[in-house]
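A short worksheet on the structure shown next.
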């Protein structure tokens, strides 16, 4: 098999020199009691990238699943995230996540959202704090050895500009994890991040059950022509765009199927067809936050 078609072994090199696996297991909205087995199944299938967050409430199970798998910790890329109500407690946030995970370090620690939410009233933003201050604290973490790389999540161009142009920003985020799929392709954001040396990881990369993608005829036709599932085609589209992908599933058969990406790829014509689907749909908006974080500047 040609090495360039071994997508399951593919990595992307970050601005730190570290290599993030192209495909990982996402665990957002995975029910308690299911995550541990899902992580174990994924790792035993060959995944080497597991994504979680303090806000998901499943870090402990993720850590248990990693131990259950028998795969050495140093072979696995683990990402977790600082919750919105912990922005002013970064040190406490990472310590809590490491304790939950049962680990000495994580490979990537992200600011989950650019919203420093008041823990006493989540409808409000902290009056004396913002993500610039959060990043000042995040930048201190790699020196401790407990965090290998730092990054952000759900940062639009406007907020990335604000962060990168601040004189206190000494470390360019290694990663920006954002929603990416053909109904939310965000080409301008991808181009901006590429120009700044920021790698993008795609969450909700399969859209969702309510997404127009679920019924998209173009996607179905491409999948049928390839003899692949629509999920496999969407993951390949994401990887061939230069993004890592973290499909979420707790079903063993789907976890395994999503990893069957070796030995084939999409043609440029197929990539272009998927990239030009007309529908727009966001799984994760910002209406639940006390501040706006999406500005329509990503298209």
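Readers should treat all values here as calculations from the given coordinates under stated rules, not as data from a laboratory. All values reported here derive from a predicted model rather than from experimental measurement. In this analysis, Cβ positions are derived from the backbone assuming ideal geometry, glycine residues included, and neighbour counts consider all displayed protein chains.
Tabulated values for the structure
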| quantity | calculated |
| --- | --- |
| Proxy reagent accessibility, fewest Cβ within 10 Å first, across 161, 75, 179 | 75, 161, 179 |
| Alpha carbon convex hull of region 83-174, volume per residue in cubic angstrom | 96 Å³ |
| Region 8-275 - share of DSSP beta bridges that are antiparallel (%, nearest 5) | 15 percent |
| D (Stokes-Einstein, µm²/s), Kirkwood Cα radius, region 8-275, 0.692 mPa s at 37 °C | 174 µm²/s |
| Footprinting exposure proxy for 5, 180 (fewest neighbouring C-beta atoms within 10 Å first) | 5, 180 |
| For region 151-185 versus region 254-299, the gap between their alpha-carbon centres in whole angstrom | 17 Å |
| Full-extension gain in nm, residue 13 to residue 73, via 0.36 nm per residue minus C-alpha separation | 19.6 nm |
| Helix axis angle, 230-240 relative to the chain longest principal axis, alpha carbon, degrees | 60 degrees |
| Antiparallel DSSP beta bridges within region 60-189, percent to nearest 5 | 15 percent |
